Amino acid sequence: MVASFRCKERTLVIGRRTLVMGILNVTPDSFHDGGRARDPDAALERAAALVAGGADVVDVGGESTRPGAAEVSGAEEIERVVPVIERIASSLDVVVSVDTSKAAVAERALAAGAHIVNDVTALGDPDMADVVRRSGAGLALMHMRGTPRNMQHDPRYDDVVEEVRAFLGARVAFARAAGIAADRVVVDPGIGFGKSFTHNWELLRHLGRLRDLGWPVLVGLSRKTFLGELVGGGGPERRGPPTFAAAVAAVLAGADLLRLHDPAEARPFLAVADRMRYGEASEESAR
Ligand code: HH2
């Protein structure tokens, strides 16, 4: 199925090849790239590298959501992301998303040129749906159990795939009822957000069941802790190979978009996955 994901005036084509959302955290404390993009110049340089590496979207985040991360005020988040989004939007030809759960931050980011709101709380802020609707932005709805502060305290589900599927279906219905168009929404199972390692694998194995909801599926697994276990522990810098292998597995299981720290390194792996999933046709649009 080929579909359009519309984000303001831009359109991303879903279903011809895997789309890549490159991660740009302008935070001091993100688990992998925290502190790297210290000022707007460094952030722009990093964004340009993500685009050169094949990112279709640059996802700018001003608040870490890693387990136990400190909360950041809206004003602080705006100060971090808005100048960076302005620079990217005026200098690079790329779709920009803002990774925020605050409507006030999303509003400023969209005015600065962002095209997508990546909301890990799936419209938890009561004002968010209206901000997204008015701007015509794309919207990523992610599943999370609890908050980043408490989400990894013994998460339990009877049937994680069914519960995540039901939640995402309900949040899409909520977004639609708030006036957000069907072709402006993607869903995300929220790997690592209130899930055990077993839950993460169960969700990845059954991405097709989420895909059956009828919306494009975004997956963020890049260098997350459950992959570290497979390479004998250590920090996120050791999790490149399992990230790329899991990225291939996720594409074959049904992921349409992947959120990645290293698009350039992932590229040959995704080329294999795309050839497997989409066949020869995927080559025409190869990055
Ligand atoms: N994961 C993170 C942040 N935002 N958004 C979506 N839609 N899906 C995800 O899986 C996802 C996300 C966490 O990763 P990262 O941004 O690398 O780290 P941090 O939260 O520490 O900034």
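The values are calculated or read from the model by the stated rules, or taken from the named source; none is laboratory data. These figures come from a predicted structure and were not determined experimentally. Every residue, glycine among them, receives a Cβ derived from its backbone with ideal geometry; neighbour counts consider all protein chains shown. The area values use the complete protein model at the heavy-atom level, side chains included, leaving out ligands, DNA and RNA. Shrake-Rupley method; radii C 1.70, N 1.55, O 1.52, S 1.80 Å.
Remarks
- Scanning residues 5 or more positions from residue 95 or on other chains, those with amide H under 5 Å from its amide H are 58, with H placed 1.01 Å from N in the peptide plane.
- Rounded is the label for the chain, because the ratio a/c of its alpha-carbon gyration tensor axes (a ≥ b ≥ c) stays below 1.5.
- All lysines inside 27 Å of residue 224 as judged from Cα atoms, apart from same-chain residues fewer than 8 positions distant: 102, 195
- The stretch 64-79 - phi-based ³J(HN,Hα) in whole Hz, Karplus 6.51/-1.76/1.60, Gly and Pro as x: 5, 10, 5, x, x, 4, 6, 6, 10, 6, x, 4, 5, 5, 4, 4
- In Hz, Karplus ³J(HN,Hα) per residue of the stretch 48-61 (6.51, -1.76, 1.60; θ = phi - 60°; x = Gly, Pro): 4, 5, 4, 5, 4, x, x, 5, 8, 9, 10, 9, 9, x
- Close amide H partners of residue 138, meaning residues 5 or more places away or on another chain with modelled amide H under 5 Å apart, are 8, 116, 117.
- In order along the stretch 164-172, phi translates into HN-Hα couplings of 5, 4, 5, 4, 5, x, 5, 6, 5 Hz, rounded to whole numbers, per the Karplus curve 6.51 cos²θ - 1.76 cosθ + 1.60 with θ = phi - 60° and x for Gly and Pro.
- Solvent accessible area, Å² - residue 66, 1.4 Å probe, full protein context: 80
- Fluctuation leader among 190, 220, 228 - the chain, Gaussian network, Cα springs under 10 angstrom: 228
- Summing Lys and Arg as +1 and Asp and Glu as -1 over all other residues whose Cβ lies under 14 Å from the Cβ of residue 68 gives a net charge of -1.
- Per-residue surface analysis assigns residue 102 an accessible area of about 50 Å², computed on protein heavy atoms at 1.4 Å probe radius.
- Accessible heavy-atom area order of 158, 130, 274, highest first, probe of 1.4 Å: 158, 130, 274
- Förster-model FRET efficiency, 25 Å R0, residue 38 and residue 197, C-beta, rounded to 0.05: 0.15
- Order of exposure, largest accessible area first, which applies to 133, 211 with probe 1.4 Å: 133, 211
- Taking other residues whose beta carbon is less than 11 angstrom from the beta carbon of residue 152, and scoring Lys, Arg as +1 and Asp, Glu as -1, yields +3.
- Charge-dipole axis of the stretch 17-286 as Lys and Arg at +1 and Asp and Glu at -1 on Cβ define it, positive-most pick from 201, 261, 68: 201
- Hits among aspartates and glutamates - C-alpha to C-alpha of residue 8 under 18 Å, sequence gap 8 or more where chains match: 56, 59, 86, 93, 99, 107, 119, 130, 183
- Value of [θ]222 nm, deg cm²/dmol, for the chain, DSSP H segments ≥ 4, -39500 (n - 2.57) each, nearest 500: -12500 deg cm²/dmol
- When the solvent-accessible area of the chain is split by element, carbon and sulfur atoms take up 51 percent of it, the probe being 1.4 Å.
- Taking amide H atoms as placed 1.01 Å from N in the peptide plane, the amide H of residue 61 lies under 5 Å from those of 24, 25, 26, 99, each 5 or more residues away in sequence or on another chain.
- Counting only heavy atoms of the protein chains and using a 1.4 Å probe, residue 31 has close to 80 Å² of accessible surface.
- The charge dipole of the chain, taken about its Cα centre with unit charges on the Cβ atoms of Lys, Arg (+1), Asp and Glu (-1) only, comes to about 440 debye.
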